[in-house]
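Asks: Sharing a structure here in structure tokens format.
Each reported figure results from applying straightforward, stated rules to the coordinates on display, with no laboratory input. Note that the coordinates shown come from a computational prediction; the quantities given were computed from them, not determined experimentally. Here the Cβ positions follow ideal geometry from the backbone for every residue, glycine too, while neighbour counts run over all protein chains shown.
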Amino acid sequence: MIADKYLGKLQQIGFKTLSRFARVGRGSLFLWQIMTGLLYVIQRPKLLIRQLYYVGVQTLLIILVAGLFIGMVLALQSYIVLVDFGAEDSLSLMVSLSVLRELGPVFTGLLFAGRAGSALTAEIGLMKSTEQLSGMEMMAVNPMKYIIAPRFLAGVIAVPLLTSIFMAIAILGGYFVATEMLGIYEGVYWSQMQANVDFYADLMNGMIKSLVFGFVVVWIAVFEGYDCVPTSEGLGQATTRTVVHGSLAVLGLDFILTALMFNV
Amino acid sequence: MIFNNIDMDIERGKVTAIMGPSGTGKTTLLKLIGGQLKPDAGSVFVDGENVHTLNQSALYELRRRTMGMLFQSGALLTDLSVYDNVAFPLREHTSLPEIAIHHLILLKLEAVGLRGARHLMPAELSGGMARRVALARAIALDPQMIMFDEPFTGQDPISMGVLVKLIRDMNRALGMTSVVVSHDVDETASISDYIYVISDGQVVQSGTPDELKHSSSAWVKQFLNGDADGSVPFHYSALPLMEDLMAGSRGAKS
């Protein structure tokens, strides 16, 4: 009896492990199929533009608000620390480096997973459960090309753009707080940034991060939608997984990328 | 296992019905024919081609040329209007000028009686109308064969009558091979030339509607007449009631 119980447990662990691996395999094949569909999307720019609007433009508001407040808070917090050392002139450097290297790409990735990623998963999952994907297959239109690939490409393009907007607005938010509230001279704010921020090491590394985050988050989002169990419960779980796995992927990759980029 | 040793011929230009109780895999059978599912063993031939040995592009080509399918839910694309839904296969698969596509759409929608509803969105349609639009879309490319997945389920009597008439007329007028999967006995029998009754993964009986009416099998009789009890028992298999009651709360758990 006891042996049976342990065997059962062991069997469960084995089954779960195998199904995890199978999922990773399906996800990778799925990515390959998306890649083969990209040519189709380039031939039909209308599909792409429509999706850019949905995943990009509609995420803009939350990015703008979040960017503005993070820039402002960052300026306040940095000032409190820097003023003790008489180094409040370096405030703009503190704000811009944090935003360009870390906060811009990471926050945009997280917000994108929550706002656009979950919406993508829900949309595709609902298409699956209402047989729209099957219907398309039977009309000899490959849903990988018509539905998935445009959404994927739109996400990969949108995230770096959203990140750069986030960065710009955060630096502006910092600027307003620094000059209006904290009395830092305008010229100091900009010249410190100009002199010490490196285009490649700081800005470009941040943009590369955002490209990677965008790629991974959209991949997770479209895969979860396509692979979901087509019931209301399955759809809910898939949407949750998109946000959780997408956010964890952003955080984990950020650590790895930072370690690689800044040679720590 | 869903099907075991199943063998069917679907004749060109005829209406063939596949009937059976819910959960016997009738929809699965259509997905096998359409190549959306792969069987572990056995083969499906459509228009002389073995569906499951084709590569993806050949399969899509076969679907484009020979198959249309009407899904239970209609499966209309919810972000497109009725007009654009019917236009979808034409725009994807032909290089016809927009004016020709416009004429074709009007004719297809006229055939299902919904020309006036072309500007509506799928969410504004009733269930019966959605199925008719889906039918117009399925015949947009004039396929050789059309598969109907439970076309009558959940329809009011009028919509049901309309769908019965449409399936019969399409078959007669266009010579389209029709495969109807259903468990609505009377409607299906009234339009089909040949019926397969399947249960537990096997063909229980096949024949013309008349032959089936005079079937000697008790099961087929029960199915066609819709009797509550018979060779398919009313009760799910269980202990005798008295034994179950006497077993007390322990019995409830086991």
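Asks: Using alpha carbons only, how many degrees (0 to 90, rounded to 10) separate the axis of helix A:60-84 from the longest principal axis of chain A?
Replies: 40
Asks: Tabulate in residue order the Karplus-calculated ³J(HN,Hα) for the stretch A:125-130, using 6.51 cos²θ - 1.76 cosθ + 1.60 with θ = phi - 60°, rounded to whole Hz; enter x for Gly and Pro.
Replies: After applying 6.51 cos²θ - 1.76 cosθ + 1.60, I find x, 5, 4, 5, 6, 9 Hz.
Asks: Looking at the stretch B:130-254, send over the antiparallel percent of its DSSP beta bridges, to the nearest 5. Numbers along the way, then the final one.
Replies: Working: 5 of 10 bridges.
Beta bridges within the stretch B:130-254, antiparallel portion: roughly 50 percent.
Asks: Semi-axes of the equivalent ellipsoid for the stretch B:165-232, please: Cα gyration tensor eigenvalues, times 5, square-rooted, ordered largest first, whole Å.
Replies: Values: eigenvalues 122, 27, 22 Å².
Semi-axes, largest first: 25, 12, 11 Å.
Asks: Taking the beta-carbon count within 10 Å as an exposure proxy, list A:Phe21, A:Phe30 from fewest neighbours to most.
Replies: Least to most surrounded, the residues fall as A:Phe21, A:Phe30.
Asks: Given axes a ≥ b ≥ c from the Cα gyration tensor, I'd like to know whether the stretch B:1-132 is rounded (a/c under 1.5), prolate (a/b larger than b/c) or oblate.
Replies: Numbers: a/c = 2.33, a/b = 1.62, b/c = 1.44.
Verdict is prolate for the stretch B:1-132.
Asks: Amide H of B:Ile198: which non-local residues (sequence gap of 5 or more, or other chain) have their own amide H closer than 5 Å, using H built in the peptide plane?
Replies: Under 5 Å from the amide H of B:Ile198 lie the amide H atoms of B:Met19, B:Gly20, B:Val204, each far enough along the sequence or on another chain.
Asks: Helix B:82-93: angle to the longest alpha-carbon principal axis of chain B, degrees 0 to 90, nearest 10?
Replies: That helix lies at roughly 80 degrees to the long axis.
Asks: Any idea what the dipole of the stretch A:143-264 comes to, in debye rounded to 20, about its Cα centre with Lys/Arg Cβ at +1 and Asp/Glu Cβ at -1? Provide the component values of the computation, followed by the final result.
Replies: Numbers: 4 positive and 8 negative charges, 73 e Å.
Charge dipole, the stretch A:143-264, about its Cα centre: 360 debye, nearest 20.
Asks: Show me the chymotrypsin sites (Phe, Trp or Tyr not before Pro) within the stretch A:150-230 that DSSP assigns to loop and that have at most 14 other Cβ atoms within 10 Å of their Cβ.
Replies: On the way: sites: A:Phe152, A:Phe166, A:Tyr175, A:Phe176, A:Tyr185, A:Tyr189, A:Trp190, A:Phe199, A:Tyr200, A:Phe213, A:Phe215, A:Trp219, A:Phe223, A:Tyr226; in loops: A:Tyr185.
Within the stretch A:150-230, the qualifying chymotrypsin sites (Phe, Trp or Tyr not before Pro) (loop, at most 14 other Cβ atoms within 10 Å) are A:Tyr185.
Asks: Another question, then. What percent antiparallel are the DSSP beta bridges of the protein assembly as shown, to the nearest 5? Each step should come with its number before you reach the end.
Replies: Working: 7 of 25 bridges.
The answer is about 30 percent antiparallel.
Asks: Among B:Glu187, B:Glu98, B:Glu243, which one moves the most in a GNM of chain B with springs linking Cα atoms closer than 10 Å?
Replies: Taking springs between Cα atoms under 10 Å, the residue moving most is B:Glu243.
Asks: Taking neighbour Cβ counts within 10 Å as the exposure measure, how do B:Ser95, B:Ser215 sort from fewest upward? Intermediate values should be presented prior to the final figure.
Replies: On the way: B:Ser95 7, B:Ser215 16.
Least to most surrounded, the residues fall as B:Ser95, B:Ser215.
Asks: Principal axes first, then extents: for the Cα atoms of the protein assembly as shown, list largest minus smallest coordinate on each axis, whole Å, largest first.
Replies: 101, 74, 40
Asks: What whole-number distance in Å separates the alpha-carbon centres of the stretch A:1-61 and the stretch B:115-133?
Replies: Measuring centre to centre over Cα atoms gives 33 Å.
Asks: Of all DSSP beta bridges located in chain B, what percent are antiparallel, nearest 5? Working shown, then result.
Replies: Working: 7 of 25 bridges.
Antiparallel: roughly 30 percent of the beta bridges in chain B.
Asks: A follow-up question, please. Kindly identify the stretch A:1-150 as rounded, prolate or oblate by the Cα gyration tensor criterion: order the square roots of the eigenvalues as a ≥ b ≥ c, call it rounded if a/c is under 1.5, otherwise compare a/b with b/c, prolate if a/b is larger, else oblate. Display every interim value, and only then the final one.
Replies: Details: a/c = 3.22, a/b = 1.44, b/c = 2.24.
Since a/c reaches 1.5 but b/c is at least a/b, the shape of the stretch A:1-150 is classed as oblate.
Asks: So for the stretch B:112-153, what percent of the C-alpha to C-alpha distances run longer than 16 Å? Could the numbers behind the result be given before it?
Replies: On the way: 324 of 861 pairs.
Pairs farther apart than 16 Å: 38 percent.
Asks: On average, how much area does the Cα convex hull of the stretch A:62-172 cover when viewed from any direction, in nm²?
Replies: Working: hull surface 29.9 nm².
For the stretch A:62-172, the mean projected area of the Cα convex hull comes to 7.5 nm².
Asks: What are the principal axis extents of the Cα atoms in chain B, in Å, biggest first?
Replies: 75, 40, 39
Asks: Can you give the alpha-carbon Rg of chain A over 2.2 N^0.38 Å, where N counts its residues? Don't skip to the end; give the middle numbers.
Replies: Details: Rg = 22.3 Å, N = 264, 2.2 N^0.38 = 18.3 Å.
Taking the Cα Rg and dividing by 2.2 N^0.38 Å, one obtains 1.22.
Asks: Taking neighbour counts of Cβ atoms within 10 Å as a proxy for exposure, in what order, fewest first, do B:Val46, A:Val222 appear?
Replies: Numbers: B:Val46 20, A:Val222 26.
Starting with the residue having the fewest Cβ neighbours, the order is B:Val46, A:Val222.
Asks: Shifting gears a bit: Looking at chain B, which longest stretch skips every one of the chymotrypsin sites (Phe, Trp or Tyr not before Pro) that is in a DSSP loop with at most 13 other Cβ atoms within 10 Å, leaving the sites themselves out? Let's see the in-between values first.
Replies: On the way: sites that count: B:Phe234, B:Tyr236.
So the longest stretch without any such site is B:1-233.
Asks: Something else: Kirkwood hydrodynamic radius (Cα pairs, Å) of the stretch A:193-255?
Replies: Working: mean 1/r = 0.0749 Å⁻¹.
After inverting the mean inverse Cα-Cα distance, the result is 13.3 Å.
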